[in-house]
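Chemist: One structure, as structure tokens, below. Some questions next.
The values are calculated or read from the model by the stated rules, or taken from the named source; none is laboratory data. Note that this is a predicted model, so its numbers are computed, not measured. So basically every Cβ, Gly included, is an ideal-geometry build from the backbone, and we count neighbours across all protein chains shown. We work out accessible area using only protein heavy atoms, side chains counted, and drop any ligands, DNA or RNA first. Shrake-Rupley method; radii C 1.70, N 1.55, O 1.52, S 1.80 Å.
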Amino acid sequence: HGDLVYRAALTTPPKVTPALLARGRQRFDIFCAPCHGRGGDGDGPVVQAGFPAPPSYHSPRLIAAPAQHFIDVITNGYGVMYPYADRIAPHDRWAIVAYIRALQLSQHATLAEAPEARGHLK
């Protein structure tokens, strides 16, 4: 029964909310930013110290990748990235994926798509 619940948690994304994004940013900064960089460009401090650079989240391939791809990579690892299944709970993996999507959108949004910042942008 536990395996079914676990698998469902890895295949059923939660609703994206401000709280989920905040949790995703926190978890991203802890687990992902050391290699991927805070902006998701693949230039984190570990890379600057000589570790192989991961791909940028802003590459066309990863922008087009389904959310499940990121869940699978966090869970199972990929290339030189080791698995985080025992370190990051399924709900937090989804929170990280939501935050990655927010990072991607922040780099590719147009001014027309951005909401006004309480009258400061006109």
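Chemist: Write out, first by first residue and then by second, each pair whose Cβ atoms fall under 8 Å of each other, whose residues are 6+ apart or on separate chains, and whose first residue, in region 39-61, is within 15 Å of Val80 (Cα to Cα) while the second is among the hydroxyl-bearing types (Ser, Thr, Tyr) and in a loop (DSSP other than H, G, I, E, B).
Modeler: Gly42/Ser56; Gly42/Tyr57
Chemist: Of all residues in region 27-51, which are farther than 18 Å from Gln104 by Cβ and open to solvent by 70 Å² or more (accessible area, probe 1.4 Å)?
Modeler: The answer is Ile30, Pro45, Gln48, Ala49, Phe51.
Chemist: List the helices (runs of 4 or more DSSP H) inside region 26-114, counting only whole elements, that have at least 2 residues being of a type in the set (A, V, I, L, M, F, W, C), farther than 30 Å from Val5 by Cβ and touching a helix residue (DSSP H, G or I) at 6+ places or on another chain (Cβ under 7 Å).
Modeler: Per the criteria, 45-48.
Chemist: I would also like to ask the following. Quick check on my filter: what residues within region 1-26 are open to solvent by 80 Å² or more (accessible area, probe 1.4 Å), touching a residue at least 40 places away in the same chain (Cβ under 8 Å) and farther than 24 Å from Tyr82 by Cα?
Modeler: Within region 1-26, just Val16 meets the criteria.
Chemist: Please work out if Ala22 is modelled with pLDDT of 95 or more and assigned to a helix (DSSP H, G or I). Let's see the steps before the verdict.
Modeler: On the way: modelled with pLDDT of 95 or more: yes; assigned to a helix (DSSP H, G or I): yes.
Taking the combined requirement at face value, the residue satisfies it.
Chemist: Between a residue in region 77-102 that is surrounded by fewer than 17 Cβ atoms within 10 Å (Cβ to Cβ) and any residue that is of a type in the set (Ser, Thr, Tyr) and in a helix (DSSP H, G or I), which pairs come within a Cβ distance under 6 Å, given they are 6 or more apart or on different chains?
Modeler: Listed by first residue and then by second, the contacts come to Ala85/Thr75.
Chemist: Hey, among the residues in region 1-19 that are assigned to a helix (DSSP H, G or I) and among the hydroxyl-bearing types (Ser, Thr, Tyr), which one's nearest to Arg38 (Cα to Cα)?
Modeler: Selected residue: Thr11.
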